[in-house]
Amino acid sequence: MLEKNNYSKIFKTLILISFMLCNTFLVIPKTLLQQVLEENEKNIRDTIRIDKVKPEEFARNRSNPKPFRRKVESRISQSKSGKASYTKSSNREITEEEVASLGFTLWKLRRSEKDDTYRIGEIIGAEKEGELTPERVEGKTTVEDGALLRFVVELPTRGYLYVFDQEEYLDGSHSAPYLVYPINGVNNLVEPNQLIYLPRQEEKYCIRLSRGKEGKIISEIYTFLITPEPLNLKAIECIKKGENNRGEAIVRCQPREVKKEEFDFETKLKEWSAYTEVSEFNLKTPNHIKYKTMSKAEIKSLNNKVNKLNMQDPPPQKVYTVARKPTEPYMISIPIYINP
């Protein structure tokens, strides 16, 4: 009886082990399959190519403002190495979609010359410079340390504009984001063809870029957020700081640090940014040299944003085309580099 009991126990044990092994072999392939699928998913890369909106086309659109439509090419490919591998065998999908865009011109203020038609005087912090003339910055947005700047933004469709500023340092880190627009008491809804200058003319000062005392700042990154609906984001304050020699009010606007609890800048930047193409206006052609400094229409818009541009007026220096629909939020970051 004892031997039979032992055999019975051994038999039951073998059955149990066999059952466990069978379950294990059934589970392992499923687990491995999940791992392979997850790994493949990680290795999938979407590469997007988008037709650029050219500055001249951007200007022509002023006569009949509407969203731009562009061919967007998406290519999906897989690689065992984990790196994107774009080959002829890659899956390709080409669609025509509405895309978002933004016109941007960076103006650098230099000492006025004899033939300059437009001059700015009494800029705070640059009184010794005398009269200054805004001149377009071409090519890579790199300026010398201490440069006086002003930039202008234009949209082809209406939207609410928010502008953030961050310092970029030598080690690749960034400062906290600071809100520089909207301004308290100013409607930040931008209509098509309406130029938004920062700083505004009434502030009587310009942006002065500096690498700092230790030279650690390599660029100022301005991030433009355009939304179809206003955000619950408190505007910055602008306060009157006396008057100049002409009796004109001097207004100072104070950028404000944006805390994560108020607006999660980093998360939204990842969510609302997208593949972007940039095209630039060629100032070197004979017909375009005259746009190097401000035209009369641009001067009028600087003095009052109600004055819009038409299709005959100068186009923006650069146009950023984003692979997002203009009916959804989108963000564009533009660094301005500072030479040592």
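The values are calculated or read from the model by the stated rules, or taken from the named source; none is laboratory data. Worth saying up front: this structure is predicted, and the values here are computed from it rather than measured. A quick note on method: Cβ atoms are made from the backbone with ideal geometry, for glycine too, and the neighbour counts reach across all protein chains shown.
Structural remarks
- Which listed residue, of Gly242, Gly215, is at pLDDT below 95, in contact with a Pro (Cβ under 9 Å, 6 or more places away or on another chain) and either in a strand (DSSP E or B) or farther than 27 Å from Glu98 by Cα (or both): Gly215
- Only residues that are more than 29 Å from Met294 (Cα to Cα) and either in contact (Cβ under 8 Å) with a residue 60 or more places away in the chain or not charged (D, E, K, R) (or both) were counted across region 152-189, and they come to 9.
- Within region 140-151, considering residues that are of a type in the set (A, V, I, L, M, F, W, C) and surrounded by fewer than 21 Cβ atoms within 10 Å (Cβ to Cβ), the one farthest from Glu328 (Cα to Cα): Ala147
- Residue within region 279-286 that is under 17 Å from Tyr181 (Cβ atoms) and either assigned by TED's automatic domain parsing to the domain that holds Gly159 or touching a Cys at 6+ places or on another chain (Cβ under 9 Å) (or both) present: no
- Within region 311-337, if we keep just the residues that are assigned to a strand (DSSP E or B) and among the hydroxyl-bearing types (Ser, Thr, Tyr), the residue that is surrounded by the most Cβ atoms within 10 Å (Cβ to Cβ) turns out to be Tyr330.
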